[in-house]
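Reviewing the structure listed below.
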Amino acid sequence: MLKTVVAIALLALALGAGLLFFKSEKPTVVSTVETIRGDVSATLKLTGTVINDHTVTITALLDGEITAINAREGSTVKNGDALAELDNRSAVSRLKKSEAELQLRQQNYQSARQSYNRVRKASNQGTSSKQALEDRLSEFQNAGAQLAIAEADLDIIQVIVDNSVIRAPFDGSVTGQWAEVGQWVEAGTQLFTVVATEGKTIEVMIDAGDFGRVAIGQTAELTSDAWPGINWTSSLNWIAPAINSENNSSDNLFAARLDIGEDAPELLLGQQLNVELIYETRENVLILPLHTLQEFQPGKYSVQIIEDDVARNRTVEVGLVSLLDAEILSGLTEGEQVINTAGRWVREGQAVTTDTSR
C-alpha cells in the first residue's frame, strides 16, 4: 500500500513538473505577412537569342581570281560597298571593244537612215527607181539590226564587268568571310555572309507542353547579363507552326519570336537574354508571397496562422502562381495575417509571438 501511494505521488510530481515546463516554454518569435489584394502574373522563364532573318550568303557570279578584299568578318558595310573584286581586265577590254563597236553601228545606222530618207523623197518625186528605194530600205533595216546586236553585246559585257565587283546588298555587318586575295573562285562559290543592320528580333524556344499558354501579343519582360539593372518589355509577334526539328534534336520544342523592344539597350547578334513571358494575369485578387506557402501534397497548400498565441496550420486553395506570389482562392480573407515562414515551418501548436521590432 505504501509503495502504491509513493508511486502515485511521484507520478503527480512528474506531471506537475511537465506542466510547469510547458507553461514556461519560451514563445518563438515570428514575423507575419498580410493577405492583400493585388495582381499576379504567371510567366514562362525562357532564354532568348538575338537573331536577324535578313541574312544573305553572297557568292561569286563569275569565274575568276580575287584581286582585292575590301571587307572582312566583323566589318560594317553600306549598301553598294565593294566587298571584293575579281580580275576583270579581260572583261574591261571587251567592254571597250563593244563600246567602239556600238559607236560604229550607231554611225552606220544614222548613215543608212539618211540615205533611205533621201531615196524615199526622190522616189516620191519620181526621180528614183523603186529598186533603189528597196535597196536603201534593206540597208537601213540591216543597220538597225546590227545596232541592236551591238547594244545587247555591250549590255552583256557591262554585266560581266559589274559582277566582277562583289557588293553589299544592304547596310549591315559581315559575319562570315571565305575569300582571300589570289584565290581562284568559280561562279557560285560562297564568299561572304552579310546580316542587315535592321531586322533584329529575339527568338525563344518553348516546351511544346506550354503551346496552349502562348499567344501572339503577349508581353514579355527582358533583361541581359551584359546590361545589369536594365530591364525592358517586348511582345510576342510570331509562333512557329511546327515543332523544331533542327539538328535531329529529341527536345519537344517550338520557336517563337519577340520584338527587340523600344527601350532595349544595344544588343549583339547571337547575344542571349533572360525572357519572362507573361501568359496570364489576374487583377485585384487575394495574394500571398509564395514563400509563405507549403505544398504538403501535389497541388495542396497550407499556411500558418496565429490562433491564441500558438501556430496553427490552415489549408488554402491556390490559383495562379507567379515567381513571387500566389493567388489565394479560399482559406483566407483579405487582411488576415499569416506567419512569414520563408521555408522554416513552425511546429503546429508551438507558442509564438510576433516581432514588434519590424
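The values are calculated or read from the model by the stated rules, or taken from the named source; none is laboratory data. Bear in mind that the values here come from a model prediction, so they are computed numbers and not experimental data. Every residue, glycine among them, receives a Cβ derived from its backbone with ideal geometry; neighbour counts consider all protein chains shown.
Things worth noting here:
- Scanning the range 84-137 for residues that are within 30 Å of P169 (Cβ to Cβ) and charged (D, E, K, R) returns E85, D87, R89, R94, K96, E99.
- Among the residues of the range 91-111, none qualifies, meaning not one is surrounded by fewer than 18 Cβ atoms within 10 Å (Cβ to Cβ), in a loop (DSSP other than H, G, I, E, B) and touching a residue at least 24 places away in the same chain (Cβ under 8 Å).
- Odd one out for L269, checked against (1) over 30 Å from S90 (Cα atoms); (2) modelled with pLDDT of 95 or more: (2)
- Check on E221, in a strand (DSSP E or B), out of contact with any Lys or Arg (no Cβ under 6 Å at 6 or more places or on another chain) and within 18 Å of E327 (Cα to Cα): no
- Within the range 253-265, residues that are assigned by TED's automatic domain parsing to the domain that holds D210 reach partners that are surrounded by fewer than 18 Cβ atoms within 10 Å (Cβ to Cβ) and of a type in the set (S, T, Y) with beta carbons closer than 8 Å, at six or more positions or on different chains, in the pairs L258/S235; D259/S235; G261/T233; D263/T233.
- Filtering the range 61-75 to residues that are loosely packed, with under 14 Cβ neighbours inside 10 Å and in a loop (DSSP other than H, G, I, E, B) leaves D63, R72, E73, G74.
- Screening I260, I243 for residues that are over 29 Å from V174 (Cα atoms), at pLDDT below 95 and under 26 Å from the mean Cα position of the chain (by Cα) leaves exactly one candidate, I243.
- Counted residues, the range 83-135 - those being of a type in the set (V, I, T) and more than 60 Å from the chain's Cα centre (by Cα): 2
- Residue within the range 143-157 that is under 44 Å from the mean Cα position of the chain (by Cα) and loosely packed, with under 15 Cβ neighbours inside 10 Å present: yes
- Scan of the range 277-304 for residues that are among the hydrophobic types (A, V, I, L, M, F, W, C), surrounded by fewer than 20 Cβ atoms within 10 Å (Cβ to Cβ) and either in a strand (DSSP E or B) or not assigned by TED's automatic domain parsing to the domain that holds T35 (or both), ordered by number: I278, V285, F296
- Filtering the range 198-218 to residues that are crowded, with 16+ Cβ neighbours inside 10 Å, of a type in the set (V, I, T) and assigned to a loop (DSSP other than H, G, I, E, B) leaves only V214.
- Residue in the range 128-144 that is outside any helix (DSSP H, G or I), over 30 Å from V194 (Cβ atoms) and not assigned by TED's automatic domain parsing to the domain that holds L267 present: yes
- Checking each residue in the range 184-193 for being surrounded by 14 or more Cβ atoms within 10 Å (Cβ to Cβ) and in a loop (DSSP other than H, G, I, E, B) picks out only T189.
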